[in-house]
1. With a point put 7 Å past each Cα toward its Cβ, work out how far ARG119 is from GLN53 in nm, to one decimal.
2. Which value, in debye to the nearest 20, describes the size of the charge dipole of the range 79-119 about its Cα centre when Lys and Arg Cβ atoms bear +1, Asp and Glu Cβ atoms bear -1, and nothing else is charged?
3. What FRET efficiency comes out for ASN86 versus ASN175 if R0 is 30 angstrom and r is the Cβ-Cβ distance? Round to the nearest 0.05.
4. Give the ranking of TRP72, TRP185 by solvent-accessible surface, highest area first, calculated with a 1.4 Å probe.
5. Using all alpha carbons of the range 140-187, what is the percent of pairwise distances in each 5 Å bin, ordered from the shortest bin to the longest?
6. I'm a student and want to see the number: the projected area of the Cα convex hull of the range 99-166, averaged over all directions, in nm².
7. Which order do the peptides 104-112, 54-62, 142-150 take when ranked by the mean count of other beta-carbon atoms within 10 Å per residue, highest first?
8. How large is the charge dipole for the range 45-128, taken about the Cα centre, if only the Cβ atoms of Lys, Arg (+1) and Asp, Glu (-1) carry charge, to the nearest 20 debye?
Amino acid sequence: MKPKLFIILSLLTAFVVVWGLSFADSDGDDDKNMRLWSRTTGVSPNNNILYQQECGSCHFAYQAGLLPEQSWRAIMTQLDEHFDENAELDPQEHKEILNYLTNNSADKSNARRSRHIMRSLSPNQAPLRITNIPYIKKEHREIPARLITGNPKVSSLSNCDNCHQNAAQGSFSENAIKIPGYGKWDD
Ligand code: HEC
Ligand code: HEC
């Protein structure tokens, strides 16, 4: 190898290494920002009005970042038999909502809760319920059934916003939980 070429190659290598390190560093910063941010917003809030209206009329409008893409696809292909309800949409609305959900699903989000959700699922696992995700089940395992299914003011763990006061903002933080008929949840 010619000495000149060697020097150029060494400089290039050094440059790439430094460049890579600077990336690692900014990752750390992102993580810090993410931690700050996720204290108030654990998943990215909804920003699609059609979704909010159509899928938030019977229950809490679950944020897209609470389920992986494959789950949303499965849910959206069986809306005529949606948990014993008919939740069918016209084709145009169906398309917009499916796009919205799959573009913002948990596997594509960097939000803290979405990452926890993805980590707790095995590859290709696509639950139809958020409440069937291992991470979500684990987080609620200490709550006695009488405060959920046995509680007429809640009746189902699916009603996130009954207990999580900032659920609509995408925040499920432990310091904003109040179980109806029970009060503040202290660990
Ligand atoms: C006609 C009423 C109705 C509409 C409209 C509706 N749903 Fe539902 N959905 C239900 C019922 C009922 C359940 C079961 C709730 C329970 O078990 O407490 C449910 C449950 C769910 C769950 C699982 C919640 C859990 O337990 O984790 C998801 C996700 C969901 N719906 C998504 C959607 C989406 C997406 C749309 C819009 C395309 C939609 N829903 C529209 C009635 C509806
Ligand atoms: C009956 C009230 C209730 C309902 C309904 C409920 N949660 Fe919770 N959730 C809690 C309580 C209480 C805790 C804290 C449990 C503990 O610390 O042992 C919690 C914890 C969590 C956590 C972990 C919080 C943390 O800081 O570690 C997440 C995430 C969460 N819930 C999401 C959800 C989602 C999503 C839904 C709806 C699909 C939901 N919850 C429905 C009461 C509820």
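The values are calculated or read from the model by the stated rules, or taken from the named source; none is laboratory data. Note that the structure is a prediction, hence the values are computed from the model and not measured. So basically every Cβ, Gly included, is an ideal-geometry build from the backbone, and we count neighbours across all protein chains shown. All accessible areas refer to the heavy atoms of the entire protein, side chains included, with ligands and DNA or RNA removed. Shrake-Rupley method; radii C 1.70, N 1.55, O 1.52, S 1.80 Å.
1. Placing both labels 7 Å along Cα→Cβ, they lie 3.9 nm apart.
2. 760 debye
3. Values: r = 38 Å, r/R0 = 1.28.
With a Förster radius of 30 Å, E is 0.20.
4. On the way: TRP72 10, TRP185 50 Å².
From most accessible down to least: TRP185, TRP72.
5. 5, 23, 35, 27, 10, 1
6. On the way: hull surface 21.9 nm².
The Cα convex hull of the range 99-166, projected and averaged over all directions, gives 5.5 nm².
7. Values: 104-112: 19.7, 54-62: 16.6, 142-150: 12.4.
Listed from highest to lowest mean packing, they are 104-112, 54-62, 142-150.
8. Numbers: 7 positive and 11 negative charges, 163 e Å.
In total the dipole reaches around 780 debye.
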